[in-house]
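Accompanying notes for the structure given below.
The values are calculated or read from the model by the stated rules, or taken from the named source; none is laboratory data. This is a predicted model, so every value here is computed, not measured. No Cβ is skipped: glycine too gets one built from the backbone with ideal geometry, and neighbour counts run over all protein chains shown.
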């Protein structure tokens, strides 16, 4: 089953998609934030287009495990997505996903100029891969 991962941001939303086996996450695209209902409809359409069976939305949490302001925004986005699709939508801790994406871009040898661009789809890939890695190994 394919899984769609979302890195919600104030300006852009990064999207990543897993392979058919649901084990490897890959960057998919970035969509510009318009409004929660419009963003949710676009995400639902992309999930259908890519035959996803599950949507994972990254949610930032504080040191006590409580949602931050951005995390509460992600919660509301997840609720809006649920209103647009019958697919299951889950929230997943996005701890340090942007920093991990930046480190990955450095490790790939990207120039400083390319590293200064947005990391939204890479952050979505980090979030999704973290989710996939946490799933039981014996899933089918």
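Going by the conditions given, is residue 73 surrounded by fewer than 22 Cβ atoms within 10 Å (Cβ to Cβ), in contact (Cβ under 8 Å) with a residue 40 or more places away in the chain and within 14 Å of the chain's Cα centre (by Cα)?
Judged against the criteria, residue 73 is a match.
If you go through the range 3-40, how many residues are over 16 Å from residue 92 (Cα atoms), buried (at least 18 other Cβ atoms within 10 Å of the Cβ) and out of contact with any helix residue (DSSP H, G or I) (no Cβ under 7 Å at 6 or more places or on another chain)?
0
At pLDDT 95 or above and either surrounded by fewer than 13 Cβ atoms within 10 Å (Cβ to Cβ) or assigned to a helix (DSSP H, G or I) (or both) - does that describe any residue in the range 104-116?
no
Kindly provide the set of residues from the range 86-97 that are in contact with a strand residue (DSSP E or B) (Cβ under 9 Å, 6 or more places away or on another chain), at pLDDT 95 or above and assigned to a loop (DSSP other than H, G, I, E, B), ordered by number. Outline the logic, then answer.
Let us first name the residues in the range 86-97 that are in contact with a strand residue (DSSP E or B) (Cβ under 9 Å, 6 or more places away or on another chain), namely 87-95, 97.
If we keep only those that are at pLDDT 95 or above as well, we get 87-92.
Once the filter is applied, which keeps residues that are in contact with a strand residue (DSSP E or B) (Cβ under 9 Å, 6 or more places away or on another chain), at pLDDT 95 or above and assigned to a loop (DSSP other than H, G, I, E, B), the range 86-97 yields 87, 88.
Among the candidates 58, 83, which residue alone is surrounded by fewer than 19 Cβ atoms within 10 Å (Cβ to Cβ), at pLDDT 95 or above and touching a helix residue (DSSP H, G or I) at 6+ places or on another chain (Cβ under 8 Å)? Break it down into steps so the answer makes sense when it comes.
On the way: 58 fails: surrounded by fewer than 19 Cβ atoms within 10 Å (Cβ to Cβ).
Just a single option satisfies the conditions, and that option is 83.
Restricting to the range 37-70, give me the number of residues that are touching a residue at least 40 places away in the same chain (Cβ under 8 Å), within 15 Å of the chain's Cα centre (by Cα) and either farther than 18 Å from residue 124 by Cβ or not in a strand (DSSP E or B) (or both).
So the count comes out to 8.
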